[in-house]
Amino acid sequence: TQTVSQSDAHVTVFEGDSVELRCNYSYGGSIYLSWYIQHHGHGLQFLLKYYSGNPVVQGVNGFEAEFSKSDSSFHLRKASVHWSDSAVYFCAVSGYNKLTFGKGTVLLVSP
Amino acid sequence: NAGVIQTPRHKVTGKGQEATLWCEPISGHSAVFWYRQTIVQGLEFLTYFRNQAPIDDSGMPKERFSAQMPNQSHSTLKIQSTQPQDSAVYLCASSYRENTEVFFGKGTRLTVV
């Protein structure tokens with residue numbers, strides 16, 4: 001069984017601030033982790049993924065995430081957010097095929 | 001590449017009617033997934049095909065829901081005797097193979113009145 005926990009339902013920051021969105025997972029085997037973004041009224045868009053190798057992975061629009069096996073985490077970070085980053089962010093885990101998603105974190109970037 | 005195409009974008013059905021949702025995955029992708037999204041439950045996995053064969057339908061409600069993939073260019077999700085609790089956004093997704101980027105369609109918003 002694979003589970004994903006996103007501990008923060010809502011995060012509010014100011015434009016230009018850095019942000020970290022937290023994701024913890026549980027899964028016993030080889031793991032595939034990813035982050036998706038969903039703007040209001042739109043579909044899910046892929047941000048980045050980790051499968052193996054360098055635990056810090058770079059994604060689109062300045063996002064990066066760091067995999068930690070010891071902490072069972074895959075936190076998403078951005079150094080300087082823009083108002084357009086306001087959206088819902090979903091962390092997902094996959095053992096081999098289907099993705100299991102967290103409940104999502106709503107990021108609100110205030111001007 | 002038009003991405004994953006889902007039709008219709010919106011569907012309203014009366015309670016007890018049948019609803020069929022359509023999905024055209026990205027050409028060349030061997031894995032096709034269906035998910036359901038609601039405010040309360042979030043993103044729920046429904047079913048998954050690989051090379052058109054059903055692999056995992058563990059998320060499908062056992063009654064009234066069925067999914068098929070008659071050819072590599074489209075999949076359907078059928079809900080018989082729709083109920084208000086079936087109201088949700090149904091998302092189709094595809095990937096080149098397992099553990100590669102999964103691309104999602106824009107979804108079909110089903111409203112059962």
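Filter segment A:91-104 for residues that are farther than 18 Å from B:Trp34 by Cβ and either surrounded by fewer than 21 Cβ atoms within 10 Å (Cβ to Cβ) or at pLDDT 95 or above (or both) and give the result.
Result: A:Cys91, A:Gly95, A:Gly102, A:Lys103, A:Gly104.
Which numbered condition in (1) more than 10 Å from chain A (Cβ to nearest Cβ); (2) under 19 Å from B:Thr7 (Cα atoms) is the only one that B:Lys62 fails? With (1) more than 10 Å from chain A (Cβ to nearest Cβ); (2) under 19 Å from B:Thr7 (Cα atoms) applied to B:Lys62, the lone miss is (2).
Scanning segment B:61-105 for residues that are of a type in the set (A, V, I, L, M) and at pLDDT 95 or above returns B:Ala67, B:Met69, B:Leu77, B:Ile79, B:Ala88, B:Val89, B:Leu91, B:Ala93. Picking from residues in segment A:52-90 that are assigned to a strand (DSSP E or B) and within 11 Å of another protein chain (Cβ to nearest Cβ), the one that is most open to solvent (accessible area, probe 1.4 Å) is A:Val88. When B:Ser75, B:Ser81 are checked against the criterion of being outside any strand (DSSP E or B), touching a residue at least 40 places away in the same chain (Cβ under 8 Å) and away from chain A (no Cβ under 12 Å), a single residue qualifies: B:Ser81. Sub-7 Å Cβ pairs linking a first residue in segment B:24-44 that is open to solvent by 40 Å² or more (accessible area, probe 1.4 Å) to a second residue that is of a type in the set (Lys, Arg), at least 6 apart or interchain, are B:Glu44/B:Arg36, ordered by first then second residue.
Any chance you could count how many residues in segment A:10-27 are within 14 Å of the chain's Cα centre (by Cα) and part of a strand (DSSP E or B)?
At the first step, the residues of segment A:10-27 found to be within 14 Å of the chain's Cα centre (by Cα) are A:10-11, A:19-25.
Applying the additional criterion that residues be part of a strand (DSSP E or B) yields A:10-11, A:19-21, A:24-25.
Result for segment A:10-27: 7.
Just give me the residues in segment A:29-51 being part of a loop (DSSP other than H, G, I, E, B) and within 22 Å of B:Leu43 (Cα to Cα), in sequence order.
Of segment A:29-51, the ones part of a loop (DSSP other than H, G, I, E, B) are A:29-31, A:39-43, A:51.
Within segment A:29-51, A:Ile31, A:His39, A:His40, A:Gly41, A:His42, A:Gly43, A:Tyr51 meet the criteria.
Evaluated against (1) over 17 Å from B:Thr76 (Cα atoms); (2) of a type outside the set (Gly, Ala, Ser); (3) without any contact (Cβ under 8 Å) to a residue 24 or more places away in the chain, B:Lys15 falls short on exactly one condition, (3). Listed conditions (1) open to solvent by 70 Å² or more (accessible area, probe 1.4 Å); (2) in a strand (DSSP E or B); (3) within 23 Å of A:Tyr32 (Cα to Cα) are all met by B:Gln68, apart from (3).
The values are calculated or read from the model by the stated rules, or taken from the named source; none is laboratory data. In this text the structure is predicted, and so the values were computed from the model without any measurement. Ideal geometry is used to build each Cβ from the backbone, glycine not excepted, and the neighbour counts take in all protein chains shown. When the accessible area is computed, the model is the full protein with side chains, heavy atoms only, and any ligands, DNA or RNA have been set aside. Shrake-Rupley method; radii C 1.70, N 1.55, O 1.52, S 1.80 Å.
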